[in-house]
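To start, the structure itself, in structure tokens.
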Amino acid sequence: MKEFLLIFRLNNDSNVKPSPEQIQERMNWLAGIAAQNKLADKGNTLSTLNAKTVKADNVVTDGPYAEIKEFISGYIIVKTDTIEEAVEFAKGNPIFKMGGNIEVREVL
């Protein structure tokens with residue numbers, strides 16, 4: 001089996017906080033993947049306020065940047081045979097109800 005990273009993205013103009021129902025829906029989605037023994041890493045939510053970017057020559061800037069249209073809000077890693085199966089898992093995530101999207105990448 002291969003591992004795939006599901007990267008959750010939200011619009012930066014979205015100040016949407018998930019409702020308790022949306023949080024429960026996400027937990028149910030995650031539990032469904034775990035029940036199939038396809039969850040390699042439950043991931044985490046990533047801070048948008050406490051972030052820095054380190055560039056060449058040790059230049060450090062604040063991030064995420066106001067000029068970006070979306071930011072990474074979190075991730076998980078799933079174990080599947082194909083990227084198509086990982087995409088099917090992604091399609092069931094409730095982030096789409098908040099205007100978000102999910103990027104799926106194979107972990108090499």
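What ranking of 41, 57 emerges when the number of other C-beta atoms within 10 Å of each C-beta is taken as an exposure proxy, fewest first? Spell out each step's value before the answer.
Numbers: 41 13, 57 5.
Placing the least packed residue first, the sequence is 57, 41.
The charge dipole of segment 2-106, taken about the Cα centre with unit charges on the Cβ atoms of Lys, Arg (+1) and Asp, Glu (-1), comes to about 200 debye, rounded to the nearest 20.
Positive end of the dipole of segment 13-62 (Cβ unit charges, origin at the Cα centre): among 35, 49, 22, the Cα lying farthest that way belongs to 35. By the helix-only formula, in which each DSSP H run with n ≥ 4 contributes -39500 (n - 2.57) and the sum is divided by residues, the chain has a 222 nm mean residue ellipticity of -7500 deg cm²/dmol.
How high is the relative contact order of the chain, given as a whole-number percent (alpha carbon pairs under 8 Å, six or more residues apart)?
Details: 168 pairs, mean separation 56.2, N = 108.
Worked out over the chain, it gives 52 percent.
With coordinates expressed along the principal axes, the C-alpha atoms belonging to the chain extend over 43, 35, 18 Å, beginning with the largest. With the simple spin-label model, which puts each label point 7 Å out from Cα in the Cβ direction, the residue 50 to residue 91 separation comes to 3.8 nm.
Every number here is computed from the coordinates shown, using simple stated rules; none is lab data. Quick caveat, the model's predicted, so the values are computed rather than measured. Neighbour counts are summed over all protein chains in view; Cβ atoms, including those assigned to glycine, are modelled from backbone coordinates with ideal geometry.
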